[in-house]
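Notes follow once the structure below has been shown.
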Amino acid sequence: MPKLVGGRPGFRSWVDKHPDPKWGLMPLTHITKGIVAEDIIRSNTVSVSDCKVFGEPLAYLFYGRPAYRVAGDGSIRVEAACPFCFIFDASLIQKAKAIFAFDTGAFDKRLYSRILMDEMTVEDFSLEGDTTRPNRIISALFGTRREYFEGDTSKIDSGRAAEAWEFHAQAYLDLLTSPGRNEPDDRICSIEVILGEPISIEGNLSAVVVPHTLWDGEKGAPWLERLVQSGVVVSPYTFVPGRHPDYYQAHLEAAVRDLYLAWGDL
């Protein structure tokens, strides 16, 4: 069974040799379909669920990037199937049970197997609970939080960023810069944050991004109104029925980017 921490120390040693840029921590994101988002808001909680990868109840977020894609193929015709993005205060990372350099679910599905050797385990890429490591990676490889948010790996020089003996770092860099046509999506460069306890919305949630038909300035869902009354920002993106999921994801990312710019997080 994969582990949340431990594994070989080489990757963490490579991360730690890069200076801490002393930036502020980035917000954490959690994306889910509208039907589930309503459940979360009404219950005031992002619940843990049994994780097939690690074999225990966990809750998953991404560091800074709204990277998760809602499941399903084909066009989205109703708001209940649209992606909603919860943006949590950066301080929530202090409660992380583990932090990983990439999406562990994709690793478990062997979507990285063309690059990563079978002998490399997911815990080899654990950043454990060190909250300086995400920004060390971002500074070393992307240069700025903005470039990381955009998922721009074009400037990463995999041949110069790691020594020949830094096997896991080399593999990670090759994964980020692989030009293959069938590579996994940008979750390969999205830092994953895992919590082992339910996440309360109260005191942790900063904003939620939703289809504009639920919050258009004139009327809105009552359960969103309750969030606004507690100080949470509701940011709408344009919903046009029948578009491909990538359309909604692009609009959602633009809304998150605008929030981050306003908050000074990019």
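The values are calculated or read from the model by the stated rules, or taken from the named source; none is laboratory data. Just so you know, these numbers come straight off a predicted model, no measurement behind them. No Cβ is skipped: glycine too gets one built from the backbone with ideal geometry, and neighbour counts run over all protein chains shown. Heavy atoms of the whole protein, side chains included, go into the accessibility calculation; ligands, DNA and RNA do not. Shrake-Rupley method; radii C 1.70, N 1.55, O 1.52, S 1.80 Å.
Restrict the search to region 178-266; then list the trypsin sites (Lys or Arg not before Pro) that DSSP places in a loop and that have at most 12 other Cβ atoms within 10 Å of their Cβ.
Values: sites: ARG181, ARG187, LYS219, ARG226, ARG243, ARG257; in loops: ARG181, LYS219.
Sparse-neighbourhood loop trypsin sites (Lys or Arg not before Pro): ARG181, LYS219.
Relative contact order, percent, of region 1-141 when contacts are C-alpha pairs under 8 Å separated by at least 6 residues? Could the numbers behind the result be given before it?
Details: 185 pairs, mean separation 59.3, N = 141.
In percent, rounded to a whole number, it is 42.
Please list the equivalent ellipsoid semi-axes of region 47-153, computed as the square roots of five times the alpha-carbon gyration tensor eigenvalues, in descending order and whole angstrom. Kindly include the intermediate steps, with their values, before the conclusion.
Values: eigenvalues 104, 76, 58 Å².
Semi-axes (√(5λ), whole Å): 23, 19, 17.
Measure off 7 Å from each Cα along the Cα-to-Cβ vector at ARG42 and VAL234, then give the distance between these two points in nanometres to one decimal.
1.6 nm
Once ligands and nucleic acids are excluded and a 1.4 Å probe is used, how much of ASP157 is accessible, expressed in Å² to the nearest 10?
That residue has around 80 Å² of solvent-accessible surface.
To the nearest Å, what is the center-to-center distance of region 49-81 and region 91-161, using C-alpha atoms only?
The distance from the Cα centre of region 49-81 to that of region 91-161 comes to 18 Å.
Which trypsin sites (Lys or Arg not before Pro) does region 11-42 hold that lie in a coil by DSSP with at most 16 other beta carbons within 10 Å?
Numbers: sites: ARG12, LYS17, LYS22, LYS33, ARG42; in loops: LYS17, LYS22.
Of the trypsin sites (Lys or Arg not before Pro), the ones in loops of region 11-42 whose Cβ has at most 16 other Cβ atoms within 10 Å are LYS17, LYS22.
Quick one: Debye curve from the alpha-carbon atoms of region 149-264 only, equal weights, vacuum; give me log10 I(q)/I(0) at q = 0.11, 0.14, 0.16, 0.18 Å⁻¹ to two decimals.
Log10 I(q)/I(0), no solvent term: -0.58, -0.83, -0.97, -1.08.
Can you pull the percent of region 148-266's accessible area that's carbon plus sulfur, 1.4 Å probe, other chains left in place? Mind dumping the intermediate values first?
On the way: 2790 of 5870 Å².
The computed percentage sits at 48.
Report the net charge of residues surrounding PRO222, where surrounding means a beta-carbon distance below 15 angstrom and charges are Lys +1, Arg +1, Asp -1, Glu -1.
Working: positive: ARG42, LYS219, ARG226; negative: GLU38, ASP39, GLU79, ASP216, GLU218, GLU225.
Counting the neighbours of PRO222, the net charge comes to -3.
Average projected area of the Cα convex hull of region 1-80, in nm²? Before the final figure, lay out the partial values.
Values: hull surface 33.5 nm².
Mean shadow area of the hull around the Cα atoms is 8.4 nm².
In region 198-266, which GluC sites (Glu not before Pro) are in a loop and have at most 12 other Cβ atoms within 10 Å, using DSSP for the loop call? Walk me through the numbers before you get to the answer.
On the way: sites: GLU202, GLU218, GLU225, GLU253; in loops: GLU202, GLU218.
Those that pass, being in a loop and sparsely packed, are GLU202, GLU218.
Heavy atoms only, probe 1.4 angstrom, no DNA, RNA or ligands counted: give me HIS244, HIS251 ranked by accessible area, highest first. Present the calculation step by step, with values, prior to reporting the outcome.
On the way: HIS244 105, HIS251 65 Å².
Reading off the accessible areas and sorting them downward yields HIS244, HIS251.
Determine the gain in length on full extension of the stretch ARG146-ARG110; use 0.36 nm per residue of separation and subtract their C-alpha separation, reporting nm with one decimal. If you can, show how the numbers build up before the last one.
On the way: separation 36, 0.36 × 36 = 12.96 nm, distance 2.89 nm.
This chain segment gains 10.1 nm when fully extended.
Kindly report the accessible area of the chain per residue (heavy atoms of protein chains, probe 1.4 Å, no ligands, DNA or RNA), in Å². Spell out each step's value before the answer.
Values: 12360 Å² over 266 residues.
Heavy-atom accessible area per residue stands at 46 Å².
How large is the helix-only mean residue ellipticity at 222 nm for the chain, computed as the sum of -39500 (n - 2.57) over DSSP H runs with n ≥ 4, divided by its residue count, in deg cm²/dmol to the nearest 500?
-8000 deg cm²/dmol
Straight-line reach only, C-alpha to C-alpha below 30 angstrom: list the lysines that LYS219 could link to, leaving out same-chain residues fewer than 8 apart.
LYS33
By how many nm would the segment from TRP223 to ASP50 lengthen if fully extended, with 0.36 nm per residue of separation less the alpha-carbon distance?
Values: separation 173, 0.36 × 173 = 62.28 nm, distance 2.67 nm.
Full extension of this stretch gives 59.6 nm more.
Give me the tail of P(r) for the chain as a percent: Cα-Cα pairs with distance above 30 Å. List each step's numbers first, then the result.
Values: 9636 of 35245 pairs.
Tail fraction, whole percent: 27.
In region 104-179, with Lys and Arg counted as +1 and Asp and Glu as -1 at Cβ, which of these residues, VAL122, PHE167, SER178, has the Cα nearest the positive end of the dipole, that is, farthest along it?
SER178
Just to check I understand the Karplus step: with θ = phi - 60° and J = 6.51 cos²θ - 1.76 cosθ + 1.60, what whole-Hz values come out for region 254-266, glycine and proline as x?
5, 5, 5, 4, 4, 5, 4, 5, 5, 8, x, 8, 10
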